[in-house]
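The values are calculated or read from the model by the stated rules, or taken from the named source; none is laboratory data. All values reported here derive from a predicted model rather than from experimental measurement. Cβ placement follows ideal geometry from the backbone for every residue including glycine, while neighbour counts extend to all protein chains displayed. Heads up: the accessible areas ignore ligands, DNA and RNA and are worked out on the full protein's heavy atoms, side chains in. Shrake-Rupley method; radii C 1.70, N 1.55, O 1.52, S 1.80 Å.
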Amino acid sequence: MTRIPQAFEIHTPRLLMKPYGRSDARELLALIDRNRSDLLDAFPVMINQLNSISDTRSWIAGRSSQHAMGQGIANAMRLRHSQVLAGYLGILNLDMRVPKCEMAYFVEQSLRRQGLAEEALLAGLRWAIGSIGLQKVLCRVDPSNEASLRLLEKTGFVQEGLVRCDYRSGHGHTGDCVYMGLLASDFMRANSA
C-alpha cells in the first residue's frame, strides 16, 4: 500500500496546492466569508463549521489529523505569482484498499471562469493517480451545477448515477447528487499524449 506523504506541493503554471496549515486559518476564513452564500449549498458541513478563527483552526487541525491517518487531504489552492488563496481542492474519503477517493473543489468567485478549477482538478488527479496510486475518483455534484458537470465531463468523468435527496444543504433543503466517476486507466489513456 502506498503511503500518503504528509508534506507535498502540487504545482501548475498558475497554481500551487498543498495541505492547509494552521497559519492559513485567517485567510481561509476570509475566503469562506467572501463566498459563504455561494458555497452553502455545495459545501454545507464545511461552511457551517468555519465561522471564526478558532473554528477554522479546529477544522484545519481535523483535516491534518485525517491526512495523518490517510483518510483525506484538504489542499489550499493558491495563485503562484501572488500566493493569494484562490480556493480549495479536497481529496476525501480515501480508501486505499480499493484504492479510491472523492474529490471536491471550489474557486473564489472573483477568479472563476479563468480555467483555474480545471487546472487544479487535472493536477490533483495526476497527483492522486500518479503519486498515491488511486484507481478511481468520485465527485458528487448538484445537478443544477452545470459548470462543474461540464468540467468533470471534459476531464473524463462519466455519470455513474443520480442519488435523490442525498444531502441537506446549508439552506435546509434536501438535494440530489449526480455521482461522477473517473477510472485511473481512462484518465491515463486520455492524458498520455
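What are the residues in region 76-114 that are under 21 Å from K18 (Cβ atoms) and acidic (D, E), if any? Hits for region 76-114 are E102, E108. Against the conditions (1) touching a residue at least 60 places away in the same chain (Cβ under 8 Å); (2) assigned to a strand (DSSP E or B); (3) surrounded by fewer than 18 Cβ atoms within 10 Å (Cβ to Cβ), G175 satisfies every one except (3). How many residues does region 89-109 contain that are touching a residue at least 60 places away in the same chain (Cβ under 8 Å) and within 25 Å of R34 (Cβ to Cβ)? So the answer is 5. Taking the listed residues V158, V107, V163, the one that is within 25 Å of A30 (Cβ to Cβ), at pLDDT 90 or above and of a type in the set (V, I, T) is V107, with no other qualifying.
Give region 68-85 a look and list any residue that's more than 18 Å from L125 (Cβ to Cβ), under 17 Å from the mean Cα position of the chain (by Cα) and aliphatic (A, V, I, L, M), or say none. Selection gives L79, L85. Counting just the residues of region 103-119 that are farther than 22 Å from A7 by Cβ and open to solvent by less than 20 Å² (accessible area, probe 1.4 Å), which one comes out nearest to the chain's Cα centre (by Cα)? Top of the filtered list is F106.
Do you know which of the residues in region 124-170 that are without any contact (Cβ under 8 Å) to a residue 40 or more places away in the chain and assigned to a loop (DSSP other than H, G, I, E, B) is most open to solvent (accessible area, probe 1.4 Å)? The qualifying residue most open to solvent (accessible area, probe 1.4 Å) is S144. Quick one: is I32 under 30 Å from D176 (Cα atoms) and in contact with a Lys or Arg (Cβ under 7 Å, 6 or more places away or on another chain)? Spelling it out, it is not the case that I32 is under 30 Å from D176 (Cα atoms) and in contact with a Lys or Arg (Cβ under 7 Å, 6 or more places away or on another chain).
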